[in-house]
Amino acid sequence: MSYGPPHDPYGGQGPGYPPPPGHFHSPYPVPPPKGGAIAALVVSVLLVISCYGVFAAVGLIFSIMAVSEQYDHEKVSRFTRYAWIANGVVIGLLVLFFVGIIVFAVLTS
């Protein structure tokens, strides 16, 4: 005759017990998410291929640094932010350049 849940000789909890309090911590570090860094890398590569290499190389370097970082979440977010700022500056300069060409063409025609 048995009373209560079966005894586990290895010290584990039976099926009717809730999990222990607190969070499970893995002995291995969790790699940081890199979706934004990969997107910044793709945009930087497209800008470099489009012959805007001197200015787009800054974003490319920062995005490569963000993607290559393995454990430091803060460095990944900082390098990703710098890469997006550099890409935004290059894209903004391109927009201003093309708007300037259009305005010049309209005024001289």
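The values are calculated or read from the model by the stated rules, or taken from the named source; none is laboratory data. Just so you know, these numbers come straight off a predicted model, no measurement behind them. Quick reminder, even Gly has a Cβ in these numbers, built from the backbone with ideal geometry, and neighbours come from all protein chains shown. Ligands, DNA and RNA are excluded from the accessible area calculation, which covers all protein heavy atoms including side chains. Shrake-Rupley method; radii C 1.70, N 1.55, O 1.52, S 1.80 Å.
Could you list, in sequence order, all residues of segment 43-52 that are surrounded by fewer than 12 Cβ atoms within 10 Å (Cβ to Cβ) and at negative phi?
Within segment 43-52, I49, S50 qualify.
Any residue in segment 50-64 that's outside any helix (DSSP H, G or I): show its pairings with residues that are open to solvent by less than 60 Å² (accessible area, probe 1.4 Å) at Cβ separation under 8 Å, as long as the two are six or more apart or on different chains.
Close Cβ pairs (under 8 Å, with a partner that is open to solvent by less than 60 Å² (accessible area, probe 1.4 Å)) amount to S50/A56; Y52/V90; Y52/L94.
Step by step: first the residues of segment 70-109, then only those that are open to solvent by 80 Å² or more (accessible area, probe 1.4 Å) and aromatic (F, W, Y), then the one that is farthest from the chain's Cα centre (by Cα). Which residue is that?
F104
Does A66 satisfy being under 13 Å from A40 (Cβ atoms) and not acidic (D, E)?
yes
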